[in-house]
Amino acid sequence: MQQAGERVRITAQLIDTITGFHLWSENYDRDLSDIFALQDELTMKLISAMEVNLTFGEQARLWEGGTTNIQAYDRHMRGMDCFARIKEEDFKQARKFFREAINIDKAYAMPYVMLGITHIFDLLYRWSKSPLQSFEEAEKNAEKALALNDSLDTAHCLLGLLLLFKRQHEDAVKEGERAIELNPNGAFANILLAFILFCSDKAELAIKLLKRAFRLNPIPPPYFYSFLSGAYRINGQYEKAIEVSKKGLTGNPDQLTLYLMLAASYSALNLTEEASKAAEEVLVISPNFSLEYYGKMIPYKSQETVDKYIDALRKAGLPE
């Protein structure tokens, strides 16, 4: 830190302590007239910069802009960290953080979006005790987020997901495309539109968007791998689906969806032993897994695509 009169310059650096590599640096020149406001501003900027470089890509810049309250932003980012793990207990903790962020700043739209998305995932993974209530909660949060900020890309993504689960696929795609128009470099918007697309029989286009999302996010969370593997599987590229799933499991060894992708892809290739092992891992993670429930919740446009997927999982040994 350097000071000259009423001006101060602070230089912040981010170093990888293992490799010694210089990851990021920034200079901040500010007046000292309000030292506490300066502290909050710099804290916000530093947190955002680290999220940009380490986890969520340029999307974090948008999340920062949703609030000027450092405590609300901190709670939201803690929630995002929990959300990225895609586990039932972590989702409960994520919702706690998102609600805390909202209680601190009720005009902050992003936590409403993420609350809604956690409820959608709860439906898909059978984590919800009341699917109808979860869907209604997701709708309520989407309405609130859009009322607060209609130009927020992820709010349109959430609306797209809701339409997808209503089986209104064309309208869902339009909402996802609107999200990309609002924020072309948003990794989150790209990944969620890709999910909507491959559920809507547009796997090749989804794969292109997924690859873009990986480029936009320096360290992608596990669901990025799940979505890319799923798109490859639907597109009949089973070897690619297996490769991506294995890569995702390297740092996330207990991800349900990645084992589902492996089980279905191995099964499609008639690799019975490998498919069976992947199915066993599914049941370790989710002992109550049911093909009947899962088949009803998968929001694919084509029933043939659903049946093909469920048949592959059944062949791998997963229970009805």
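The values are calculated or read from the model by the stated rules, or taken from the named source; none is laboratory data. Keep in mind it's a predicted model, so treat the numbers as computed, not measured. Every residue, glycine as well, gets a Cβ built from its backbone with ideal geometry; the counts of neighbours run over all protein chains shown.
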Pairs where the first residue, in the range 172-189, is under 15 Å from R212 (Cα atoms) and the second is surrounded by 24 or more Cβ atoms within 10 Å (Cβ to Cβ) and polar (S, T, N, Q), C-beta under 6 Å, 6+ apart: G186/Q59; A187/Q59; F188/Q59; F188/T154
Positions within the range 132-156 being farther than 16 Å from L192 by Cα, assigned to a helix (DSSP H, G or I) and touching a residue at least 40 places away in the same chain (Cβ under 8 Å), in sequence order: L148
Filtered residues of the range 75-105 (kept if of a type in the set (S, T, N, Q) and over 24 Å from I285 (Cα atoms)): N103
Qualifying residues in the range 240-264 (those that are aliphatic (A, V, I, L, M) and under 17 Å from the mean Cα position of the chain (by Cα)) - the one modelled with the lowest pLDDT: L256
Count of residues meeting criterion [without any contact (Cβ under 8 Å) to a residue 40 or more places away in the chain and part of a loop (DSSP other than H, G, I, E, B)] in the range 250-306: 5
Residue within the range 110-122 that is buried (at least 21 other Cβ atoms within 10 Å of the Cβ) and acidic (D, E) present: yes
Qualifying residues in the range 265-277 (those that are surrounded by fewer than 18 Cβ atoms within 10 Å (Cβ to Cβ) and hydroxyl-bearing (S, T, Y)) - the one nearest to the chain's Cα centre (by Cα): S276
Residue in the range 201-211 that is farther than 20 Å from S302 by Cβ, of a type in the set (A, V, I, L, M), part of a helix (DSSP H, G or I) and touching a helix residue (DSSP H, G or I) at 6+ places or on another chain (Cβ under 8 Å) present: no
Complete set of residues in the range 307-320 that are of a type outside the set (G, A, S) and either assigned to a helix (DSSP H, G or I) or touching a Phe, Trp or Tyr at 6+ places or on another chain (Cβ under 9 Å) (or both): D307, K308, Y309, I310, D311, L313, R314, K315, L318, P319
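Out of curiosity, is S226 in contact with a Lys or Arg (Cβ under 6 Å, 6 or more places away or on another chain) and either aromatic (F, W, Y) or touching a residue at least 24 places away in the same chain (Cβ under 8 Å) (or both)?
Here the answer is no, as S226 does not meet what is asked.
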Members of the range 134-149 that are farther than 15 Å from T67 by Cα, surrounded by fewer than 24 Cβ atoms within 10 Å (Cβ to Cβ) and not aliphatic (A, V, I, L, M): S134, F135, E136, E137, E139, K140, E143, K144
3 or more residues modelled with pLDDT under 55 and among the charged types (D, E, K, R): qualifying helices (runs of 4 or more DSSP H) within the range 1-120: none
E280 within 22 Å of I86 (Cα to Cα), surrounded by fewer than 20 Cβ atoms within 10 Å (Cβ to Cβ), modelled with pLDDT of 95 or more and out of contact with any helix residue (DSSP H, G or I) (no Cβ under 8 Å at 6 or more places or on another chain): yes
